[in-house]
Amino acid sequence: MASTKPKKKNPRLASGRKRVRQDIKLNAANTSLRSKYRTAVKNVEKAVLAGDKTKATELFAKMQAVVDTVADKGIFHKNKAARDKSRLSAKVKALAQAAA
């Protein structure tokens, strides 16, 4: 038999019901931003692996804005955002050095 999650009970109080409605909206917004963050980072990494210097630098600039926005909203920790920016910056710079 496959174990299934117990079904959540609906809150009785109006404040609890409102909290559930808010949580659904917040969860959707956070999921969307988290996806945007990961996609931006992945695009830069793909450009670096492809060896396309101009595309990598262009995508890196866009990625920085997305990463900062997500970190400011608290979806990812500021240190994680800084770490990702730092690592990708090093990769883009190394690509620029190799091409030169």
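Subtracting the Cα-Cα distance of R38 and K9 from their residue separation scaled by 0.36 nm leaves 7.1 nm. Protein-only accessible surface at a 1.4 angstrom probe places the residues T54, T4, T39 in the order T4, T54, T39, largest first. The angle between the Cα long axis of helix 53-72 and the longest principal axis of the Cα atoms of the chain comes to about 30 degrees, rounded to the nearest 10. Against the set (i) 33, 17, 9; (ii) 76, 23, 6; (iii) 40, 16, 10, the structure's computed semi-axes √(5λ) of the Cα gyration tensor in Å falls on (iii).
Solvent-accessible area of the chain (1.4 angstrom probe, protein heavy atoms only): carbon and sulfur portion equals 54 percent. Any of K36/K80; K62/K91; K42/K93; K42/K78; K36/K73; K7/K36 with alpha carbons more than 21 Å apart? Name them for me. Distance filter (> 21 Å) returns K7/K36. Once the chain from S89 to K25 is taken as fully extended at 0.36 nm per residue, the excess over their C-alpha distance is 19.7 nm.
What is the calculated FRET efficiency for D72 to R17, with r their C-beta to C-beta distance and R₀ = 30 Å, to the nearest 0.05? Plugging the Cβ-Cβ distance into 1/(1 + (r/R0)^6) gives 0.50. Reducing the stretch 66-100 and the stretch 6-45 to their Cα centroids gives an inter-centroid distance of 25 Å.
The values are calculated or read from the model by the stated rules, or taken from the named source; none is laboratory data. Note that the coordinates shown come from a computational prediction; the quantities given were computed from them, not determined experimentally. A quick note on method: Cβ atoms are made from the backbone with ideal geometry, for glycine too, and the neighbour counts reach across all protein chains shown. Heavy atoms of the whole protein, side chains included, go into the accessibility calculation; ligands, DNA and RNA do not. Shrake-Rupley method; radii C 1.70, N 1.55, O 1.52, S 1.80 Å.
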